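*Asks:* Structure in structure tokens, see below.
Each value in this text was obtained by applying a stated rule to the coordinates, not by laboratory testing. Everything numeric in this text was worked out from a predicted model, so none of it was measured. When we count neighbours, we look across all protein chains shown, and the Cβ atoms used for this are built from the backbone with ideal geometry, even at glycine.
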Amino acid sequence: MIFSGMNKTKKRTGGQKVAIVFYVLAALFLLYCAGVIASKAAGTKFFLVWILAAAVCAALGFGLQRGLWERLPDSVKGTVLAVFCAALACFLFVEGLIVSGFFAEGSGELPYIVVLGAQMKENGPSVVLAKRLDCAASYLKENPDTLCVLSGGKGSNEPVSEAEGMYAYLVKKGVDPKRLILEDQSRNTVQNLSNSRKLIPQDVAKIGVVTSNFHVFRGVRLARANGFPEAEGIAAPSGVYFLPNNMLREFFGVMKDWLFGNM
């Protein structure tokens, strides 16, 4: 009886410690979300997922603190832990694939590159899009025979189509307008590549996909699935602060495209 009581006390103490970890995570997630909101630079509402993550962590912490976990049958605990481990393994695997595209540079003298759009603001391209365009401008300068497709339609919160905004930005940076082809109807990455395929001669199989480093893996796989079997990535840098948000969002993007057979 004494040993049984001691074991229960140890388990309860261990649960209390783990509960504190979950509470700390909840606080960090909320602070991160607040920082993203304060920056006013987010192009989507995805950052709200951090509030959900904080709520889940707080709930888990509360459950552990109250000893609810210990009251569950061993079979239920085993199932929960198995599902958690499988989900974590899947997440880490996909994130590893995403990271694999971070430093893609692409071959020289590609006949075409496609710049994937991102949010246009009233005062010009968003930070993410500007970095993609700067990367494209550098490539076009080094490869004077390469043509460039600018792909992106107009969202409800954008003053002009992403393609039009990208065109103006690159021309201002000195890129010859004759080298730029506008695709202004797409609403997502799949459409970016399928619509761009229609604007590029069918015998061209090798192109460069210019996009943010965290987006390269998916962008290249989608390009290969949409008629560019030899597509290569050209990675543009992305802001460090937004990287956790972008990496988490990209995980769901990859999973969605796999499930829908786009990749």
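*Asks:* Given the alpha-carbon gyration tensor of region 134-236, what are the semi-axes of its equivalent ellipsoid in whole angstrom, ordered largest first, with each equal to the square root of 5 times an eigenvalue?
*Replies:* 19, 17, 13
*Asks:* Using the basic label-point model (7 angstrom from Cα toward the beta carbon), what is the Val56 to Ser138 distance in nanometres?
*Replies:* Between Val56 and Ser138, the label points sit 3.6 nm apart.
*Asks:* If you consider only alpha-carbon coordinates, what radius of gyration and Dmax does the chain have, in Å?
*Replies:* Rg and Dmax of the chain, Cα atoms, are 23.2, 85 Å.
*Asks:* Convert 37 °C to kelvin, take the viscosity as 0.692 mPa s, use the Kirkwood radius over C-alpha pairs of region 189-259 as Rh, and evaluate the Stokes-Einstein diffusion coefficient in µm²/s, rounded to a whole number.
*Replies:* Details: Rh = 12.7 Å.
For these conditions, the coefficient is 259 µm²/s.
*Asks:* Okay, next question. How far apart, in nm, are two points set 7 Å out from the Cα along the Cα-to-Cβ line at Ile37 and at Cys90?
*Replies:* Those two pseudo-labels are separated by 3.0 nm.
*Asks:* At R0 = 45 Å, how high is the FRET efficiency between Ala82 and Asn157 if r is their beta carbon distance? Nearest 0.05 is fine.
*Replies:* That pair, Ala82 with Asn157, gives E of 0.60.
*Asks:* For region 146-198, compute Rh as the Kirkwood radius over C-alpha pairs and then the Stokes-Einstein diffusion coefficient at 4 °C and 1.567 mPa s; write the answer in µm²/s, rounded to an integer.
*Replies:* For these conditions, the coefficient is 116 µm²/s.
*Asks:* Provide the FRET efficiency to the nearest 0.05 for the Val49-Lys198 pair, computing r from the beta carbons and using R0 = 45 Å. Write down the numbers at each step before the final one.
*Replies:* Working: r = 34 Å, r/R0 = 0.76.
Calculated value: 0.85.
*Asks:* What is the chain's relative contact order, in percent, from Cα pairs under 8 angstrom and six or more apart in sequence?
*Replies:* Values: 389 pairs, mean separation 49.3, N = 263.
Relative contact order for the chain comes out at 19 percent.
*Asks:* Where the centroid of each part is defined by its Cα atoms, how far is region 93-109 from region 140-210 in Å?
*Replies:* 20 Å
*Asks:* Of the listed pairs Lys141/Lys256; Lys173/Lys256; Lys178/Lys206, which have alpha-carbon separations greater than 31 Å here?
*Replies:* Flagged as over cut-off: Lys141/Lys256; Lys173/Lys256.
*Asks:* A further question follows. Take the chain, connect every pair of alpha-carbon atoms lying under 10 Å apart with a spring to form a Gaussian network, then pick out the residue of Phe251, Phe242, Phe62 with the largest mean-square fluctuation.
*Replies:* Its mean-square fluctuation being the largest, the pick is Phe62.
*Asks:* If you take the alpha carbon radius of gyration of region 9-112 and divide it by 2.2 N^0.38 Å, what ratio comes out, to two decimals? Mind dumping the intermediate values first?
*Replies:* Details: Rg = 19.6 Å, N = 104, 2.2 N^0.38 = 12.8 Å.
Its radius of gyration relative to the 2.2 N^0.38 Å reference: 1.53.
*Asks:* On to the next question. Might you report the magnitude of the Cβ-based charge dipole of region 1-155 about its Cα centre, with Lys and Arg at +1 and Asp and Glu at -1, to the nearest 20 debye?
*Replies:* 1140 debye
*Asks:* FRET efficiency for Lys17 and Leu259, Cβ-Cβ distance as r, R0 = 45 Å, nearest 0.05?
*Replies:* 0.75
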